[in-house]
Every structure is written in C-alpha cells, then in structure tokens.
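Student: My structure is below; once you've seen it, I'll send some questions.
The values are calculated or read from the model by the stated rules, or taken from the named source; none is laboratory data. Because the structure is a prediction, the values reported are computed rather than measured. Every residue, glycine among them, receives a Cβ derived from its backbone with ideal geometry; neighbour counts consider all protein chains shown. What goes into the accessible areas is simple: the full protein's heavy atoms, side chains included, and nothing from ligands, DNA or RNA. Shrake-Rupley method; radii C 1.70, N 1.55, O 1.52, S 1.80 Å.
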Amino acid sequence: MTVLDVRKLVLLREVGARGSIAAAAQALNYTRSAVSQQLSALESETGAALLDRGSKRAELTAAGRLLVAHTERVLAQLEAAEAQLNARDGKVTGELRVGVPLHEGPALLVPALNRLRVRHPELRITLHGVDPDEGRQTVRLGRLDAVLASGYPQVPEPRVPGLYEEEVLSDRIRLAVAPGHPLARSEEPRALAEFAEQPWLLDRTSRLGQLVLHLCADAGFAPDIVSDIGDMQAVFGLVSMGWGVALVPDLVPDRPGHPVARIALKGIRPSRRITLVVREGALDSPPVAALLPAVREAADELRRSSAGQNHHPTTDELRSLGAGELRRGEAGDTPGPQPTSRVGRRPGKPPRPTE
C-alpha cells in the first residue's frame with residue numbers, strides 16, 4: 001500500500017486554492033519548479049492526473065478535487081490530535097493569530113481580546129487586517145487561526161471545507177446619507193425606491209455590493225453607481241460630503257469628522273451575519289477553545305448595551321491591546337446589533353461537517 005506524503009497533499013490543496021503553481025509556491029515560500037516536481041511525483045504515486053496543466057490556470061481535475069477533499073479531513077484530524085495533546089496540561093499559551101476586518105470587527109474584538117488577554121497572560125495574540133471576502137480562505141489555509149467574517153442571507157455563498165463557523169451577531173443594514181440630505185432628519189423608514197434617482201456608492205464585486213444590487217432590482221431600479229470604492233471609511237467620507245448614498249451595516253463605525261445620517265428602510269430589513277471562523281481541527285486547541293467563549297460573551301454584552309450601538313472602538317484601541325502589530329490588509333426600528341441563534345457545534349457535541 002502506498003502511503004501518500006501529507007506535505008505533497010498540502011501543496012495540491014494550495015494550488016487548488018490559489019489557482020496556479022506559481023501563486024502556491026510564493027505563498028509557501030517554495031520555488032515554482034520544486035512545487036511542480038512534488039506534484040508530478042504525487043501524480044505518479046496516485047496513478048492519476050491531478051492538475052489540468054493545459055488551461056491558463058492550474059485547475060484541479062476530478063481526481064484532484066477528490067484527493068483535496070480527503071486532504072481536508074486528514075489535516076483536520078492531524079490538527080485535532082495536536083490540539084488535544086497541547087490541551088493536556090490545561091495551559092493556554094502559544095500564539096493566536098486573529099484576522100480583523102478593519103473598521104468592522106473592533107467593536108466586538110476589542111472587549112473579547114482584552115478579556116482573553118487578562119485570563120491568559122501567557123497567550124500571545126497577534127492581529128492581522130484582512131479583506132472581508134478572503135478571511136475564510138486565509139483561515140482554511142492556515143495563515144490565521146480565527147477571523148470575523150460577514151455574510152448576507154440574500155447573497156448565498158458556498159461553504160468552505162474544513163471550517164467551523166459560529167454566528168455571534170447580526171446587525172441591520174441602513175441607508176447612509178449626508179447630513180444635509182433632504183431626508184437626513186427623517187424619523188420614519190423610507191422606501192428604497194425613493195432613492196432611485198440618487199448617485200450610489202457600492203463595490204459590485206463585494207458581497208455587500210451584490211446585496212445592494214439585488215435590493216435595488218427588487219425596488220424596480222438600477223442604481224447610478226458613481227463610485228466603486230470598497231473601503232467603508234472612504235465610502236463614509238464620500239457620503240458625508242454629498243457624493244452619493246450607500247447601504248451600510250450598523251456595526252461599521254462612522255468615519256471621524258465625516259458625519260452621516262442613517263435611515264431605516266421601509267418594508268424590508270436587510271441584515272448582515274457576523275460569524276467567528278476557525279478550522280474544525282483547531283476547535284480543541286487551547287487558544288481557540290479560550291477565544292470562543294470570550295467572543296460569545298463580548299457579543300452578548302454588545303447586544304445588551306445601548307452604548308454598543310453607538311461606540312465603535314478604533315484601530316488605535318486595537319493597537320492598545322499590546323498583542324502585536326496590526327497590519328492593514330488589502331486584506332424605523334431600533335438600530336444596532338440584533339440577537340441571533342448560535343450556529344455550529346454545541347459544547348460536548350462533534351462539529352457539524354462543512355460541505
């Protein structure tokens with residue numbers, strides 16, 4: 001019986017995720033030729049073509065996808081074994097790498113990570129700015145241990161294999177307009193169609209942008225997009241100066257010095273799901289096992305606190321955690337976060353498999 005080399009399987013998975021041998025080699029700090037040779041050896045060992053090298057991208061064949069699916073399970077079991085070994089002494093040490101969607105995660109993560117640092121002073125916490133749409137894959141590929149991710153019920157997205165996601169918050173989405181806008185002082189929800197003639201700010205490629213296009217189509221109009229900038233703080237600056245209007249989640253903080261008015265929408269209640277994402281195999285690792293309850297507690301406090309609806313900790317407050325460098329990634333109802341049911345594994349039960 002041939003025993004496949006896990007390191008070669010990891011290379012195959014990386015190529016499948018990155019879309020090319022060159023990108024996988026760069027991510028893993030290998031040479032392109034080294035990765036290509038290892039994958040050729042893996043194909044010889046399995047007796048199957050695993051990559052379609054005739055296409056512009058190095059796409060996995062059916063056999064390659066099958067092998068990667070098994071690889072995910074193997075890696076999860078290996079990581080779970082290591083996690084349980086590390087948990088034997090009950091100590092929470094080592095490093096916890098947390099991905100932060102800048103300008104969105106701080107209101108939840110600042111109290112959670114402060115609580116975690118007080119409880120486990122020997123744990124080193126490092127923070128990394130991530131693109132909201134890339135956080136899940138970054139955790140899956142082992143670059144981070146945990147990340148806050150966003151999702152929108154109206155915009156379906158495929159599940160990422162090997163990940164455990166737990167919904168911790170849900171916040172409403174409202175329309176941001178300039179303070180001088182004729183409807184800025186409206187206390188009543190407004191129909192989205194009332195803004196059909198307004199210039200709009202949205203990034204078509206983002207999940208939030210896809211949601212906006214969907215809602216506008218349902219309201220009977222196509223938005224006149226005058227800016228496709230995806231950075232929410234830049235969006236707030238443009239909205240504040242009257243450049244256009246935008247739909248924004250409640251937990252995204254206003255840009256300091258650039259006030260906006262937020263208007264509830266009539267007849268619809270778009271929302272965003274905020275989830276904590278970790279690898280299934282890492283659930284029993286001491287750092288991740290300690291992080292989960294800390295985030296749950298912080299989310300509960302944020303829901304209960306009226307101050308949590310208005311105060312959003314800043315990037316400076318994240319740096320004040322002292323846990324490492326924060327790197328910026330390229331990576332008519334009551335406002336505020338809404339309570340949600342927990343999604344995922346219950347204590348004492350095995351994690352729900354992702355597909």
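Student: I'm checking a number: the convex hull volume of the Cα atoms of the range 202-256, normalised per residue, in Å³. What is it? Show your work: numbers first, answer last.
Tutor: Working: hull volume 4.3 nm³, N = 55.
It is 79 Å³ per residue.
Student: Another question about this same structure. How compact is the range 1-159 by the rule of thumb for globular proteins, expressed as Cα Rg over 2.2 N^0.38 Å? Walk me through the intermediate numbers first.
Tutor: Working: Rg = 18.6 Å, N = 159, 2.2 N^0.38 = 15.1 Å.
The range 1-159 yields a ratio of 1.23.
Student: Send over the Kirkwood Rh of the range 215-286, from the inverse of the averaged 1/r over different Cα pairs, rounded to one decimal Å. Don't jump to the answer; show the numbers that get you there.
Tutor: Values: mean 1/r = 0.0660 Å⁻¹.
It is 15.2 Å.
Student: Okay, moving on. In whole angstrom, how long is each semi-axis of the equivalent ellipsoid of the range 124-167, when you take the square root of 5 times every eigenvalue of its Cα gyration tensor and sort them from largest down? Write down the numbers at each step before the final one.
Tutor: Numbers: eigenvalues 76, 28, 18 Å².
With the √(5λ) rule applied to the range 124-167, the semi-axes are 20, 12, 9 Å.
Student: Report the Stokes-Einstein translational diffusion coefficient (µm² s⁻¹, integer) for the range 40-103, Rh taken as the Kirkwood radius over Cα pairs, at 25 °C with viscosity 0.890 mPa s. Walk me through the numbers before you get to the answer.
Tutor: Working: Rh = 15.3 Å.
In µm²/s, the coefficient rounds to 160.
Student: Given a 1.4 Å probe and every protein chain left where it sits, what share in percent of the accessible area of the range 163-217 is carbon and sulfur? Don't jump to the answer; show the numbers that get you there.
Tutor: Numbers: 1090 of 2330 Å².
Accessible surface attributable to carbon and sulfur in the range 163-217 totals 47 percent.
Student: Using a 1.4 Å probe over the heavy atoms of the protein chains, calculate the carbon and sulfur portion of the accessible area of the range 1-122 as a whole percent.
Tutor: On the way: 3500 of 6820 Å².
Carbon and sulfur atoms account for 51 percent of the accessible area of the range 1-122.
Student: Enter the mean projected area of the convex hull around the alpha-carbon atoms of the range 173-311, in nm², rounded to one decimal. Numbers along the way, then the final one.
Tutor: On the way: hull surface 40.1 nm².
Its Cα hull, projected and averaged over all orientations, spans 10.0 nm².
Student: Using a basic spin-label model with each label point 7 Å from the Cα along Cα→Cβ, how many nm lie between residue 226 and residue 46?
Tutor: 5.2
Student: Place a point 7 Å from Cα of residue 185 in the direction of its Cβ. Which residues in the range 259-294 have their backbone N less than 15 Å from it?
Tutor: Answer for the range 259-294: 261-262.
Student: While we're on this one: So, by mean Cβ neighbours within 10 angstrom, what's the order for 219-225, 204-210 with the highest one leading?
Tutor: Values: 219-225: 14.7, 204-210: 17.3.
Packing order, densest peptide first, comes out as 204-210, 219-225.
Student: Could you list the square roots of 5 times each eigenvalue of the Cα gyration tensor of the range 1-92, that is, the equivalent ellipsoid semi-axes, sorted largest first and rounded to whole Å? Don't skip to the end; give the middle numbers.
Tutor: Details: eigenvalues 151, 48, 27 Å².
Rounded to whole Å, the semi-axes are 27, 15, 12.
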